[in-house]
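First up is the structure itself, then whatever we jot down about it.
The values are calculated or read from the model by the stated rules, or taken from the named source; none is laboratory data. In this text the structure is predicted, and so the values were computed from the model without any measurement. Note: ideal-geometry Cβ built from the backbone for every residue, glycine included; neighbour counts use all protein chains shown.
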Amino acid sequence: MTSPATATAAPTAAVGAAKGEPAPARHRGPGRNLPAATGVGLALGAILLGSLFWLPRVFPVVVVLVLVAGVLELTRALGRGGLRVPATPVLIGVIGMVISTVVYSTLGLVTATAVAVCVVILWRVSESLGLTALRDVAAGVFTIAWVPFLGCFTLLLLQHEHGQMLVLLAVMVPVANDVGGYTTGVLFGSHPMAPSISPKKSWEGFIGSLVAGTAAATALMVIALDEPWWVGVVLGVVLVVVSTCGDLAESLLKRDLGLKDMGHLLPGHGGMLDRIDSILLAAPTTYILLEILLP
């Protein structure tokens, strides 16, 4: 999901540096199982398109399955850091939040989220009190806010006019961001963006992400939704920045927890949360921007 930068240390570069010459860049290979990643990506794309356009009633079920997988991965990851998230009320909350959003839209999501948070607090403090319980409650609230709450914005987008295309927009721009950034980073990356957080991300990769993501957003807005091109450009640029921040935020969390991937559910991609981290931020951003740009 990230945009690899180029490795910077090589024996010849060290010799050149000793002579006062700039170290030449050396491009890094793909570093991932591309056939597996491509196959899994195509399968996920088929599931998304099928549930959106051919079996729309199934889409909320797909959302539940994805969010449950993400929550399970996050609770296990936080457990490695000594935080015990009450998994049972959180998972029940995921289902309740999806159902409430489908039935009652925004009010349902807000209400169900508040109820889920209250249940998590009561569930945990009924077992014990003290600083440990407080930390566990904070981790549970963080889990609810990050995964199911943000993920349910895909369901809110679906309720708009041309909702299927809006959901596709919120998914396709992060995908284009990943593909464009990965390809450009592998080919040209030599300036790390945040080496202490995600060493493989490069500024060259970010430029590739910006071009690919903006092109995807503009094409969808103009061709599929018949909206002005500048709306697509604004959406594309903002969503690429937000998606990149989502990648970096998850990378920072994994670094702090000592993890390479959140899971191993998706070969070539890591865990489900590794696949949807950008989408979780892109969906609410798309929802808010459309309310501003196209009231």
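Of note:
- Residues satisfying the stated conditions in the stretch 65-80, i.e. surrounded by fewer than 20 Cβ atoms within 10 Å (Cβ to Cβ) and within 15 Å of LEU155 (Cα to Cα): LEU65
- Hey, ALA212 over 20 Å from LEU289 (Cβ atoms) and either at pLDDT 95 or above or part of a helix (DSSP H, G or I) (or both) or not: no
- Qualifying positions in the stretch 81-99 - closer than 14 Å to ASP136 by Cβ and crowded, with 19+ Cβ neighbours inside 10 Å: LEU83, VAL85, PRO86, PRO89, VAL90
- Residues within the stretch 83-129 that are touching a residue at least 12 places away in the same chain (Cβ under 8 Å) and either under 29 Å from GLY258 (Cβ atoms) or touching a strand residue (DSSP E or B) at 6+ places or on another chain (Cβ under 6 Å) (or both), tallied: 18
- Summed over the stretch 225-268, residues that are in contact (Cβ under 8 Å) with a residue 24 or more places away in the chain, part of a loop (DSSP other than H, G, I, E, B) and in contact with a strand residue (DSSP E or B) (Cβ under 7 Å, 6 or more places away or on another chain) total 2.
- Meets criteria (surrounded by fewer than 20 Cβ atoms within 10 Å (Cβ to Cβ) and in contact (Cβ under 8 Å) with a residue 60 or more places away in the chain) for LEU289: no
- Taken over the stretch 100-113, residues that are under 23 Å from the mean Cα position of the chain (by Cα) and surrounded by fewer than 15 Cβ atoms within 10 Å (Cβ to Cβ) amount to 2.
- Count of residues meeting criterion [buried (at least 18 other Cβ atoms within 10 Å of the Cβ) and in contact (Cβ under 8 Å) with a residue 40 or more places away in the chain] in the stretch 200-224: 13
- Annotation: ARG84 fulfils all but one of (1) among the charged types (D, E, K, R); (2) assigned to a helix (DSSP H, G or I); (3) over 19 Å from the mean Cα position of the chain (by Cα); the unmet one is (2).
- Unique residue being more than 15 Å from ALA138 (Cα to Cα), in a helix (DSSP H, G or I) and either among the aliphatic types (A, V, I, L, M) or touching a Phe, Trp or Tyr at 6+ places or on another chain (Cβ under 8 Å) (or both) when the list is LEU72, LEU78: LEU72
- All conditions but one from (1) within 9 Å of the chain's Cα centre (by Cα); (2) surrounded by fewer than 24 Cβ atoms within 10 Å (Cβ to Cβ) apply to GLU250; the one that does not is (2).
- Test: residue in the stretch 262-283 that is surrounded by fewer than 22 Cβ atoms within 10 Å (Cβ to Cβ), in contact with a Leu (Cβ under 9 Å, 6 or more places away or on another chain) and of a type in the set (Asp, Glu): no
- Considering (1) more than 30 Å from TRP54 (Cβ to Cβ); (2) at pLDDT 90 or above, the lone condition that THR218 does not fulfil carries the number (1).
- Residues in the stretch 274-295 that are assigned to a helix (DSSP H, G or I), of a type in the set (A, V, I, L, M, F, W, C) and at pLDDT below 90: LEU293 only.
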